[in-house]
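These notes are about the structure you will find just below.
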Amino acid sequence: EPKGTIVEQLTGDPLQQALAELEGGNTASETLLKDIVDAIEAGSADERIRGLYLDLGSLSSAKLTMLEDIARAISTFKATGKRVIAYADSYDATSYYLAAQADKVQLHSLGLVILQGFGRKRSYFKEGLDRLEVDVNIIRVGKFKSAVEPFLRNDMSEAAREANIAWLGDLWQSYLTAVAAARKLDRQVLQDYIDKGDTQLQALAGDSAQLAQKTGLVDWVGPRPPALDELFEQLNKEESGASSYLKAKKVGFQDYLLAQDEDRFGAYATGDLVAVVVASGTISDGQQPPGSIGGDSTAELLRRARKDDAVKAIVLRVDSPGGSAMASEVIREQCALARKQGKTVVVSMGGVAASGGYWISTAADEIWASATTITGSIGIFGMLPTFQKPLAKYLGMRVDGVGTTWLYDGYRPDMELKPRVAALIQQLIERGYQDFLKRVSQARNIPVEKVDEIAQGRVWSGADAHRLGLVDKLGGLQEAIASAATRAKLGKDYQVKYFEKDLPFVEQLVKDLLVSAMLTFAPKQASKGSQSPAGKLLRSLSVQLDSLAQLNDPQGIYAYCFCEID
């Protein structure tokens, strides 16, 4: 039962995660992708595991690449002859993608399947900022660099529309193809269900569950929740001919992983190692907790892997829309140093590796991406808001004083940005963009002029990025790890070790005690149902503002892309 958002890396340090779990669930409502995939793959080879029940009612969001990874694990599970049943009160596009992989899809009689498609909506603040008389000084490079548009416009520019509909269309077509294949449906049937759903629903007197069943999207409609009972009953009949499902037992996937008692992250791995460093979240300067990328903290993980003699290759797993240009460069430099020392460096792109997320990928021997990865957005910008007008108008506050140089008060949020300072920053931005182009040119062996044509801040799907030469191969993390091992000329007996931030001894001890207590005493709390529309709106706005709050580049220069799917 995946809860909340599926992520590459849980937010917060392990101690905070354990405390949240003990209190009844991860406060961030996150489920680790690796946990889901590892559990399903382990169950495939475990003769005690006879079936897989997907309870999808608590899943809220996941990037398409993550859904594809889970779908591959389910396919492997099914190939062993084991059964898979999915249930939810209702399905959206995210949860239905996983449900479609099951042998049998069940739906509540009052539920519905809504395949809402993919989109990118943002809040635009220009009118509000104008009313408040806030000056947002924007310096940017790139025709398609739309990250700053909400502060300059009240709507999306035509250039942004052109780019966004292109990569969104690529991802949506991949989605439809995969779902239709999984359900053995003609794609046109699926398309008609979306395009003509309102008229089809009218013919069935508004019975959405019946429409989903009639169309072939679900196999069974009824009250909650006979799905697991049916799976138990069938398995027991196959084993002993018994009709009672009570003989079968179930285990949650996270408890199952703990019971496996395996070193899944390679903490005790020996011999030749492939190091995996996860870079997930917004890129910010300095030290940052897991779930965010710190220029210093992520560089330190790469430095540790680089200094470890047992590590022969490094795989940087990137799932980031970018952020601070300075922090991005600090991380990239560590990858470049590793290669200079003779270590193989491979980048594996997750759901998004755009702007700064692409920047940190440029010092690699090889870049892997999924066809549905969101990448590119090669461009940078500077954003310097000033509030002198509302401070004067509403608070009667003004600023005055003296300084020894024209740079003394070059940028103060309570003073108007001076034209000379703005021109200076423009030069820095232009230079930063040229540096970005040169790094891409050198890394990809593409002329700078050609890079500029496909850069300009434009976002591409992984499939297009592969066609354009921005990535080398299409595939997931495991393929990237295998390729890194091959490049490093390792045999088949290499091991994989995840390099993560260490907890101090006392905190690690407390965390271990909390995990033990959680397994023994903590109740399993499930938050059923999807978030309300108002809640989703507030969450979307909060995420957008939180992302801005994390931007802390010392020069105010950013390689960031607001390009994730809503």
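The values are calculated or read from the model by the stated rules, or taken from the named source; none is laboratory data. In this text the structure is predicted, and so the values were computed from the model without any measurement. Note that each Cβ is placed from the backbone with ideal geometry, even for glycine, and that neighbours are counted across all protein chains shown. Ligands, DNA and RNA are excluded from the accessible area calculation, which covers all protein heavy atoms including side chains. Shrake-Rupley method; radii C 1.70, N 1.55, O 1.52, S 1.80 Å.
Is it true that Ala99 is over 28 Å from Gln191 (Cα atoms), out of contact with any Asp or Glu (no Cβ under 8 Å at 6 or more places or on another chain) and open to solvent by less than 20 Å² (accessible area, probe 1.4 Å)? Working first, answer last.
Working: over 28 Å from Gln191 (Cα atoms): no; out of contact with any Asp or Glu (no Cβ under 8 Å at 6 or more places or on another chain): yes; open to solvent by less than 20 Å² (accessible area, probe 1.4 Å): yes.
In short, no.
Which of the following residues is under 16 Å from the mean Cα position of the chain (by Cα) and crowded, with 24+ Cβ neighbours inside 10 Å: Val318, Val345? Show your work before the answer.
On the way: Val345 fails: under 16 Å from the mean Cα position of the chain (by Cα).
On inspection, the qualifying residue turns out to be Val318.
Working only within the range 178-212, note down all residues that are under 30 Å from Thr65 (Cβ atoms), among the polar types (S, T, N, Q) and open to solvent by 70 Å² or more (accessible area, probe 1.4 Å).
Selection gives Gln188 alone.
Kindly indicate which of Thr80, Thr94 is open to solvent by 50 Å² or more (accessible area, probe 1.4 Å) and of a type in the set (S, T, N, Q).
Working: Thr94 fails: open to solvent by 50 Å² or more (accessible area, probe 1.4 Å).
None of the others qualify; the one that does is Thr80.
Taking the criterion of being within 15 Å of Val105 (Cβ to Cβ) and at pLDDT 95 or above, would at least one residue in the range 192-199 satisfy it?
Step one: of the range 192-199, the residues within 15 Å of Val105 (Cβ to Cβ) are 193.
This time we only want the ones that are at pLDDT 95 or above, so: 193.
Yes; the residues of the range 192-199 include at least one that is within 15 Å of Val105 (Cβ to Cβ) and at pLDDT 95 or above.
Of the conditions (1) modelled with pLDDT of 95 or more; (2) touching a strand residue (DSSP E or B) at 6+ places or on another chain (Cβ under 7 Å), Ser324 fails just one. Which one is it?
Looking at each condition in turn, Ser324 falls short on (1).
Counting residues that are under 28 Å from Lys343 (Cβ atoms) and within 33 Å of the chain's Cα centre (by Cα), which helices (runs of 4 or more DSSP H) fully inside the range 373-489 reach at least 2?
Working: elements: 388-395, 419-444, 448-454, 462-468, 477-487.
Counting at least 2 such residues, we get 419-444, 448-454, 462-468, 477-487.
Can you confirm whether the range 177-184 contains a residue that is under 21 Å from the mean Cα position of the chain (by Cα), assigned to a helix (DSSP H, G or I), modelled with pLDDT of 95 or more and of a type outside the set (Lys, Arg)? Quick ask: steps written out before the conclusion?
First, the residues of the range 177-184 that are under 21 Å from the mean Cα position of the chain (by Cα): 178-179.
Right, trim to assigned to a helix (DSSP H, G or I) and you get 178-179.
Keeping just the survivors that are modelled with pLDDT of 95 or more gives 178-179.
Keeping just the survivors that are of a type outside the set (Lys, Arg) gives 178-179.
Yes; the residues of the range 177-184 include at least one that is under 21 Å from the mean Cα position of the chain (by Cα), assigned to a helix (DSSP H, G or I), modelled with pLDDT of 95 or more and of a type outside the set (Lys, Arg).
Let's see how each residue does on (1) crowded, with 17+ Cβ neighbours inside 10 Å; (2) touching a strand residue (DSSP E or B) at 6+ places or on another chain (Cβ under 6 Å):
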site: Arg412; (1), (2): no, no
site: Met415; (1), (2): yes, no
site: Lys418; (1), (2): no, no
site: Ala423; (1), (2): no, no
site: Gly432; (1), (2): yes, yes
site: Val440; (1), (2): yes, no
site: Val451; (1), (2): yes, no
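List, please: which pairs have Cβ atoms under 6 Å, are six or more places apart or on different chains, and start with a residue in the range 259-273 that is open to solvent by 50 Å² or more (accessible area, probe 1.4 Å) and end with one that is outside any helix (DSSP H, G or I) and among the hydroxyl-bearing types (Ser, Thr, Tyr)?
What qualifies is Phe265/Tyr498; Asp272/Tyr494.
Out of the residues in the range 152-161 meeting the condition of being in contact (Cβ under 8 Å) with a residue 12 or more places away in the chain and more than 11 Å from Glu127 (Cβ to Cβ), tell me which one is surrounded by the most Cβ atoms within 10 Å (Cβ to Cβ). Quick ask: steps written out before the conclusion?
Residues of the range 152-161 in contact (Cβ under 8 Å) with a residue 12 or more places away in the chain: 152-156, 159-160.
Narrowing further to those that are more than 11 Å from Glu127 (Cβ to Cβ): 152, 156, 159-160.
Details: Leu152: 15, Met156: 16, Ala159: 17, Ala160: 24.
Here the residue is Ala160.
If Val134 satisfies all but one of (1) at pLDDT 90 or above; (2) within 28 Å of the chain's Cα centre (by Cα); (3) open to solvent by less than 60 Å² (accessible area, probe 1.4 Å), what's the number of the condition it fails?
With (1) at pLDDT 90 or above; (2) within 28 Å of the chain's Cα centre (by Cα); (3) open to solvent by less than 60 Å² (accessible area, probe 1.4 Å) applied to Val134, the lone miss is (2).
Search the range 473-492 for residues that are farther than 22 Å from Ala371 by Cα and pair each with any residue that is open to solvent by less than 80 Å² (accessible area, probe 1.4 Å) and among the acidic types (Asp, Glu) when their beta-carbon atoms are under 8 Å apart and the residues are at least 6 apart or on different chains.
Arg487/Asp365; Arg487/Glu366; Ala488/Asp272; Leu490/Asp272; Gly491/Asp272
Can you name the residue in the range 220-247 that is at pLDDT 70 or above and part of a loop (DSSP other than H, G, I, E, B) and is also nearest to Glu1 (Cα to Cα) among such residues?
Restricting to residues being at pLDDT 70 or above and part of a loop (DSSP other than H, G, I, E, B), the top hit is Arg224.
What residue, among those in the range 277-305 that are in contact with a helix residue (DSSP H, G or I) (Cβ under 7 Å, 6 or more places away or on another chain), farther than 21 Å from Val346 by Cβ and polar (S, T, N, Q), is most open to solvent (accessible area, probe 1.4 Å)?
Gln287
Confirm whether Ser146 is crowded, with 16+ Cβ neighbours inside 10 Å, of a type in the set (Ser, Thr, Tyr) and under 30 Å from Arg420 (Cα atoms).
Working: crowded, with 16+ Cβ neighbours inside 10 Å: yes; of a type in the set (Ser, Thr, Tyr): yes; under 30 Å from Arg420 (Cα atoms): yes.
Here the answer is yes, as Ser146 does meet what is asked.
Only one of these is in a loop (DSSP other than H, G, I, E, B) and in contact with a Leu (Cβ under 8 Å, 6 or more places away or on another chain): Gly291, Gly323, Gly342, Gly350. Name it. Outline the logic, then answer.
Working: Gly323 fails: in a loop (DSSP other than H, G, I, E, B); Gly342 fails: in contact with a Leu (Cβ under 8 Å, 6 or more places away or on another chain); Gly350 fails: in a loop (DSSP other than H, G, I, E, B).
Every option except Gly291 fails the conditions.
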